[in-house]
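The values are calculated or read from the model by the stated rules, or taken from the named source; none is laboratory data. Keep in mind that what you see is a predicted model, and the values were worked out from it rather than measured. Neighbour counts run over all protein chains shown; Cβ positions are idealised from the backbone, glycine included. Remember, those area values only see protein heavy atoms, side chains included, never the ligands or the DNA or RNA. Shrake-Rupley method; radii C 1.70, N 1.55, O 1.52, S 1.80 Å.
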Amino acid sequence: MQDAPHNKALRAALDQTAAYGIQPTRSCHLRSPEDGARFVQRQIAGTLLARRLVFHIDGSKRLECDAAGGRLLRFCTYDPQGKVVFSGDFEDLSAAQGADAPLRVFSDSLPRSFLDAKTVSLHTLPMHDAPRTGGISAHHLAKALGLATPPVTPPQWFRTFIEDAKGAILAAAYLEDDLLYPLAGTDQDIDQLAENVAHLVPDIETLTSRATIPEDALIVLGTNNNATPNILFAAHNTSTLIALISPNTHTALTRKWYALRRAD
Amino acid sequence: MVVFADIAAKTVLAWDGALKWPQEHLDDLCALAAQVLAIGVGVDPAAEPQTAILARATGCFVFVRAAPGANEALCCVFAPYCDIDNTFAAGKALCSDLLGGDQRMKA
């Protein structure tokens, strides 16, 4: 099945598209080194085609990971001045040392890279000649990093809702566990969103509790303070959509939400 | 349905609506208002929610705190697709009337 000509053609087309297509930069606000490690693990787990993932911590390149098929193939860490600190590869797991030594280096060095870090962003580059075997699985990586949570992509209707309600939504992100992943808005908008959420709810994990934001419900909170935008929450399975919204858009937003949920 | 409630004591103070709801449904609505308006309370007083909307398949719930820091709130239940933006202004005006001494519901 894997060697069928149409599969080869499909793979080539996907590689070509992804290699030359535009990959938006993804970023994440951090509250602890563990947040950073989880972000890295999730990006590797979500990388199916061969890619070089370049992680910038607080604006400077600190980590490069070659990944394919949701597996980590190689890594290289940098100090803030851009000098290589550690590197390792997991391509040949039959070697005497196997994966244990480089994995230990990776899992020890990663939290140190994220010490006192505020943001991490991901830049994705194409990678050619990726090995088809070897590599550390995302699951194995999560265990080595002390993380057990599998990666989850946001429900498609979050994006559709944002697209439909473009004028009303100033910034949007989705919350998975305790990490915010931007969906719409500039970095500055997302910063403001993260700040507003932190002001509103110091323990962000409560927002993923369905006792706070019920499943299949939309909540919009408003203050009397004109400087604070209204904030919107919508829940779907383990994901929570959070958005800053313009004033006097409640009617439009709830109607769009009802229309979308009815069609879903 | 419009209910004026003390959400701290979870007590219904007054209500009006097209249908007569059983007391336990009014109490549930009061508890729901307390739960939704409690998101963010006690962290930053300036960020404390004064209004909240909870849209669900069964209807659209609108909660308006009577005044900043007040325990009283107006809890309204509307059909989906209602005009919420206008509801807020009407709700705030109604709260002013109620807290100003006119205890008779005008909604």
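Before moving on, here are some points about what is shown:
- Restricting segment B:69-92 to residues that are in a helix (DSSP H, G or I) and modelled with pLDDT under 85 leaves a set whose member that is surrounded by the most Cβ atoms within 10 Å (Cβ to Cβ) is B:Phe88.
- Positions within segment B:1-46 being closer than 18 Å to B:Val64 by Cβ and in contact with a Pro (Cβ under 6 Å, 6 or more places away or on another chain), in sequence order: B:Leu37, B:Gly40
- Residue in segment A:57-70 that is open to solvent by 70 Å² or more (accessible area, probe 1.4 Å) and outside any strand (DSSP E or B) present: yes
- B:Leu32 vs. criteria more than 10 Å from chain A (Cβ to nearest Cβ) and either closer than 23 Å to A:His236 by Cα or outside any helix (DSSP H, G or I) (or both): no
- Selection within segment A:242-261: residues that are at the interface with chain B (Cβ under 8 Å from one of its Cβ atoms) and within 21 Å of A:Glu176 (Cα to Cα). The member of this set that is most open to solvent (accessible area, probe 1.4 Å) is A:Arg261.
- Every listed requirement among (1) touching a helix residue (DSSP H, G or I) at 6+ places or on another chain (Cβ under 6 Å); (2) at pLDDT below 85 is met by A:Asn248 save one, (2).
- The set of residues from segment A:106-126 being in contact (Cβ under 8 Å) with a residue 60 or more places away in the chain, crowded, with 20+ Cβ neighbours inside 10 Å and more than 17 Å from the chain's Cα centre (by Cα) comprises just one member, A:Ser113.
Let's see how each residue does on (1) modelled with pLDDT of 85 or more; (2) within 11 Å of chain B (Cβ to nearest Cβ); (3) out of contact with any Leu (no Cβ under 7 Å at 6 or more places or on another chain):
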residue	(1), (2), (3)
A:Pro182	no, no, yes
A:Thr186	no, no, yes
A:Glu205	no, no, yes
A:Ala211	no, yes, yes
A:Asn230	yes, yes, no
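- Residue selected from segment B:52-64 under the condition within 9 Å of chain A (Cβ to nearest Cβ) and open to solvent by 10 Å² or more (accessible area, probe 1.4 Å), by the criterion nearest to the chain's Cα centre (by Cα): B:Arg56
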